[in-house]
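The values are calculated or read from the model by the stated rules, or taken from the named source; none is laboratory data. Treat the numbers as computed from the prediction; the structure is a model and nothing was measured. Every residue, glycine among them, receives a Cβ derived from its backbone with ideal geometry; neighbour counts consider all protein chains shown.
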Amino acid sequence: MPALFIRLVALWKKELLTLARDRHGLAALFVMPAVFILVMSLALADTLSGQREAVVGYALVDLDQSALSQAFDAQLISLERIEKQARLPDLANARRRVEAGELAFVVVIPPGFGQQISRDQTPTLRFLVDPAVPKVMQSGFRQQVEAAATRFWLEQALERLGSSMMIPDLGESVGQVGAPHITLETVGHGAKQNAALPSAVQQNVPAWLIFSMFFVVIPISAVFIGERQHGTLQRLCTQQVSFGAVLAGKFLPYLLVNQVQAVVMVGIGRWLVPLCGGEALTLPAGAAALVALWLVSLAVSVAAVGWALFIASLAKSSEQATILGGVGNILMGAIGGIMVPRFVMPAAMQAWTRISPMNWALEGFHHVMLRQGSVADILPAAAALVCFGVAALVVAVFLDHRARTQ
């Protein structure tokens, strides 16, 4: 056997043994893509399917309570691309749930709907819409309900005329009937009826800002692991500097880095995007709204830096930290509605978004930037993010203590 071939076999064996011992590398090669494919496939199952278009959920408020309003409700249920999620008792309850981000759309059947249909008048409907829903989805939903209301109006008119008369084909008549009058209300704290819908940049900037802030894990891990390999951390320990103090010393600088990052990303949305032909990012008006926006940004930073320090303390090398942090961020982004909007996901997948810290952050930004929320409205999301960051730091200290005592 030639000597070169023997050397090659030895090198191949060495590389396979090294890879077999690298659990993090194997996870990146097999577990991460498997989970990512699963998550993205489920999230986009309806959107990218050739047999079924994306299903949009809605709730219904029937203020008419007539036989015709109930019949129209049944017709909406029969539609394929929209799905009824709830029937709400009143308008106040509906508005509260839309403001909280629990519902994307609410169809309101106003009083007198049945009488309008009976008198051959153009029916009136009202929509409550979460401004966090993309414009294209709002437009598609409106067209669906408009078409259903027009068809329902025509069916009732033909039924009253009687089957004995010469009636044009129903499909040819639909295009001749005026579309129902629909009042579109973008629901938010202080939002005005028929107000301008938020631009795409207002929806995209918060999502990708959050995603980029969590990637502070890469520089933190590089510095942390470099200090460990060069003996800096060991020398600090000999000087009675606790590991918790070391983490605290890294926390504030990277917190400031995250805030600078937020300012830069907002600046890109506000000034660079318009130069490239897009719409400018509009910040909420008023000092209180800006304070709420900053508090959300600060809470995201606490969560991101805490997560980064946890990964840095867990990983044994920069490669492992990059894999763990990068894969974790991608999965949190995929599950949390960063890469795929939550309203595009099937109902079963939407429930899973609540476990991702990135979703908490996204909801906090949406409450301020899209729903005109106040400081009180973002407190639950901010508190959850801070608790996540603190918990990550506590686990990091525990892991270090266990490693030292073994």
**OP:** Inspect all residues belonging to segment 378-393 and state whether any of them is at pLDDT 90 or above, over 14 Å from residue 206 (Cβ atoms) and β-branched (Val, Ile, Thr).
**Re:** yes
**OP:** Test residue 282 against the stated conditions and say whether it is assigned to a loop (DSSP other than H, G, I, E, B) and not aliphatic (A, V, I, L, M).
**Re:** yes
Original post:
Filter segment 64-91 for residues that are without any contact (Cβ under 8 Å) to a residue 12 or more places away in the chain and closer than 24 Å to residue 350 by Cα; which is surrounded by the fewest Cβ atoms within 10 Å (Cβ to Cβ)?
Top reply: 78
Subject >> Criterion (in a helix (DSSP H, G or I), surrounded by fewer than 19 Cβ atoms within 10 Å (Cβ to Cβ) and aliphatic (A, V, I, L, M)) met by exactly one of 361, 312, 303, 348 >> reply: 348
Subject >> Number of positions in segment 325-345 that are hydrophobic (A, V, I, L, M, F, W, C) and either without any contact (Cβ under 8 Å) to a residue 12 or more places away in the chain or not in a helix (DSSP H, G or I) (or both) >> reply: 4
Original post:
Has segment 347-354 got any residue that is at pLDDT 85 or above and either touching a Lys or Arg at 6+ places or on another chain (Cβ under 9 Å) or farther than 18 Å from residue 101 by Cβ (or both)?
Top reply: yes
Original post:
Which of the residues that make up segment 364-406 are surrounded by fewer than 16 Cβ atoms within 10 Å (Cβ to Cβ) and of a type in the set (Phe, Trp, Tyr)?
Top reply: 398
Original post:
When residue 132 is evaluated against the numbered criteria (1) among the hydrophobic types (A, V, I, L, M, F, W, C); (2) crowded, with 22+ Cβ neighbours inside 10 Å; (3) not in a loop (DSSP other than H, G, I, E, B), which criterion, by number, is the only one it fails?
Top reply: (3)
**OP:** Tally the residues that are in contact with a Leu (Cβ under 7 Å, 6 or more places away or on another chain), without any contact (Cβ under 8 Å) to a residue 40 or more places away in the chain and of a type in the set (D, E, K, R), restricting the search to segment 92-130.
**Re:** 1
Original post:
Taking segment 54-83, which residues are modelled with pLDDT under 85, among the charged types (D, E, K, R) and in contact with a helix residue (DSSP H, G or I) (Cβ under 7 Å, 6 or more places away or on another chain)?
Top reply: 81
